[in-house]
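Take a look at the structure below.
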């Protein structure tokens, strides 16, 4: 049952990766990256139950922090480049 | 008993994550894609984390910390993304309302 759920979440990561590849603008790619980060956090949380190792929860927390900071930096960079030009 | 409750919570969470990824592919505009991609995935990941807390009750503190972090930072980042999208591209405006027009 848990293996099937992990495959389902991997399928969700694959679908949002398609949007990450073919998004027309930079903002579409950043939205897809943010969603991929959140889905990967829940995948790591499920993996920590399956493998029975709680180090995956720390990895998931670091993943969430990095995704948040990356999203904010890309959004601010997008606006700042627009106002300079 | 706890295993059954955990699986009952995790299964709709994973389904919501897949639904949010499908909405990310099918929606026509950046703002509507953000509507599918941030709200549904927030609820899905919170349901998965709650289900895992029922499966492994000894890990509840780390899971609570992770859930609080996602609950705080995810609306914040989506708000900043929506502002940046509005300033860069505008949006698909059918209603004629645009309250942020003066700050552009």
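The values are calculated or read from the model by the stated rules, or taken from the named source; none is laboratory data. Predicted model, so just to flag it, every value in this text is computed and none were measured. When we count neighbours, we look across all protein chains shown, and the Cβ atoms used for this are built from the backbone with ideal geometry, even at glycine.
So here's what we get for this one:
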{"item": "Check on residue B:69, in contact with a helix residue (DSSP H, G or I) (Cβ under 7 Å, 6 or more places away or on another chain), free of Cβ contacts under 8 Å to residues at least 12 places away in the same chain and surrounded by fewer than 18 Cβ atoms within 10 Å (Cβ to Cβ)", "result": "yes"}
{"item": "Answer from B:82, B:36, B:53 - the residue that is more than 7 Å from every other protein chain (Cβ to nearest Cβ) and either under 13 Å from residue A:27 (Cβ atoms) or outside any helix (DSSP H, G or I) (or both)", "result": "B:82"}
{"item": "Yes/no for residue B:68 being at pLDDT 90 or above and either in a helix (DSSP H, G or I) or closer than 22 Å to residue A:40 by Cα (or both)", "result": "yes"}
{"item": "Leading residue by the ranking (surrounded by the fewest Cβ atoms within 10 Å (Cβ to Cβ)) among those in the stretch A:14-30 that are closer than 14 Å to residue B:23 by Cα and touching a residue at least 12 places away in the same chain (Cβ under 8 Å)", "result": "A:17"}
{"item": "Cross-chain or 6+ apart pairs with Cβ under 8 Å, the stretch A:37-50 first and facing another protein chain (nearest Cβ under 7 Å), then at pLDDT below 90 and outside any helix (DSSP H, G or I)", "result": "A:49/B:56"}
{"item": "Residue B:39 being within 11 Å of the chain's Cα centre (by Cα) and surrounded by 15 or more Cβ atoms within 10 Å (Cβ to Cβ)", "result": "yes"}
